[in-house]
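The values are calculated or read from the model by the stated rules, or taken from the named source; none is laboratory data. The model shown is predicted, which means the values in this text are computed figures rather than measured ones. Here Cβ is always computed from backbone atoms with ideal geometry, including for glycine, and neighbour counts include all displayed protein chains. Remember, those area values only see protein heavy atoms, side chains included, never the ligands or the DNA or RNA. Shrake-Rupley method; radii C 1.70, N 1.55, O 1.52, S 1.80 Å.
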Amino acid sequence: MSDIIFIIIIALLASYIIRLKLHQATQDHVFPFPERLGLHVSNNDVMHFLNMSSENVKSFLERRGIDFMIKCEPESMMGWIDTELLDKILLLLLSDMAKRLNHGGKVAVAVYTNQEYDCINIRISDNGPRISETGMLIIHYLVTCHRGSLRSEYYQRQGNTIVIELPIKKDAYDAEQLESGTSSEFHIPNDIELHVPTIDIPSNYEEGNSSLWEIMQAPHSADQEFLRRAIQCVNDHLSDTDYDRQAFATDMGSSVSTLYNKIRALTGKNITNFTRDIRIKAACKLAKEDPDLRVSDIAYQVGFKDPKYFATSFKRVMGVQPKEYFAKLRGEG
């Protein structure tokens, strides 16, 4: 794994070790429910998200001669998850496995639902050495934050099997943990205009990360130029629903893993969320130009194959459903 991703992982490990006071942890790894790490769940296509997040490290694994596969059953299903927290869980687990495995290693991710369809199970297995106790304590903490449970087994000369169970029904979470609750007042940001290659995400979006707008307005630097080209690439292929991470990386003259690490280091986002934000801001621009356009028409124009997934992504970024947004623009709200 590149130096950047290892630095991120080490920083995360150090932060959570301090917070958890691991030297006081009991042998059965039971912790009280965390109170400081905020949980913000929203309605998403869970299977699509997990598939994309897991595949973010696929190219790196394959370059190391490690076989990687992921299977989601069903392929698409809506549910309530904290995408940022779940992304961290997968990143830590898969990065740890990548670090420990050699050529010929295998990593498999299987995602499936229970019979009631109110929980998902994420089964991650490898054929490498035992995962460290510290690593498992941190993963356990993050899973517990998401109101989930974790089981892990190590089989001598066979590898690790980790099963994470997470609730995905809305009523599994408290009202304050639901994104864009009824107490949020809807408004149309005044800075919605999209001027390539800069985008200005609302100031309260993903607090703690530098916004793309702040980075783009900084004095000219290599990082600024990198983001300028990255945003331009996405906008040049805005309506191309098949424009994937590999094509994006090729246009940027880098590998997928290098592009992923660079974007994450600069913006705190993975490639999926980076491109999503640009596409959603472009959708807002189209809506302002012609509020009478149908949601599905705009979804296709900004590169979404599924209008339902577009609506979920739109609400994730803008805080409201696109139908509400368009109604407000037409003066109906």
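Does Arg130 count as out of contact with any Asp or Glu (no Cβ under 8 Å at 6 or more places or on another chain), basic (Lys, Arg) and at negative phi? For Arg130, the condition - out of contact with any Asp or Glu (no Cβ under 8 Å at 6 or more places or on another chain), basic (Lys, Arg) and at negative phi - is met. Against the list (1) more than 18 Å from Gly65 (Cβ to Cβ); (2) without any contact (Cβ under 8 Å) to a residue 60 or more places away in the chain; (3) open to solvent by 20 Å² or more (accessible area, probe 1.4 Å); (4) not β-branched (Val, Ile, Thr), the condition Asn102 fails is (1). The helices (runs of 4 or more DSSP H) located wholly in the stretch 293-333 that include 1 or more residues which are closer than 21 Å to Lys269 by Cβ and open to solvent by 20 Å² or more (accessible area, probe 1.4 Å) occupy 307-318.
In summary, Glu193 fulfils each of the numbered conditions (1) in a loop (DSSP other than H, G, I, E, B); (2) modelled with pLDDT of 50 or more with the single exception of condition (2).
For the stretch 224-240, the criterion of being assigned to a loop (DSSP other than H, G, I, E, B), within 19 Å of the chain's Cα centre (by Cα) and closer than 26 Å to Phe60 by Cα is satisfied by no residue at all. Looking at the structure I just gave you, is Gly65 assigned to a loop (DSSP other than H, G, I, E, B) and at pLDDT 85 or above? In short, yes.
Only residues that are in contact with a helix residue (DSSP H, G or I) (Cβ under 7 Å, 6 or more places away or on another chain) and either among the aliphatic types (A, V, I, L, M) or on the phi < 0 side of the Ramachandran plot (or both) were counted across the stretch 285-323, and they come to 23. Looking for something surrounded by fewer than 21 Cβ atoms within 10 Å (Cβ to Cβ), within 29 Å of Gly65 (Cα to Cα) and among the aromatic types (Phe, Trp, Tyr) - is there at least one such residue anywhere in the stretch 113-121? Looking through the stretch 113-121, none of the residues is surrounded by fewer than 21 Cβ atoms within 10 Å (Cβ to Cβ), within 29 Å of Gly65 (Cα to Cα) and among the aromatic types (Phe, Trp, Tyr). Based on this model, can you work out whether Lys71 counts as open to solvent by 20 Å² or more (accessible area, probe 1.4 Å), outside any helix (DSSP H, G or I) and either more than 30 Å from Ala175 (Cβ to Cβ) or among the aliphatic types (A, V, I, L, M) (or both)? Yes; evaluated as a whole, the condition is true for this residue.
Taking every residue in the stretch 252-266 that is within 16 Å of Gln224 (Cα to Cα) and pairing it with any residue that is basic (Lys, Arg), at least 6 positions away or on another chain, the pairs with Cβ-Cβ distances below 7 Å are Met252/Arg229; Ile263/Lys269. Return the residues of the stretch 242-291 that are surrounded by fewer than 20 Cβ atoms within 10 Å (Cβ to Cβ), at pLDDT 85 or above and either outside any helix (DSSP H, G or I) or basic (Lys, Arg) (or both); say none if nothing qualifies. Selection gives Asp242, Tyr243, Asp244, Gly253, Lys285, Lys288, Asp290.
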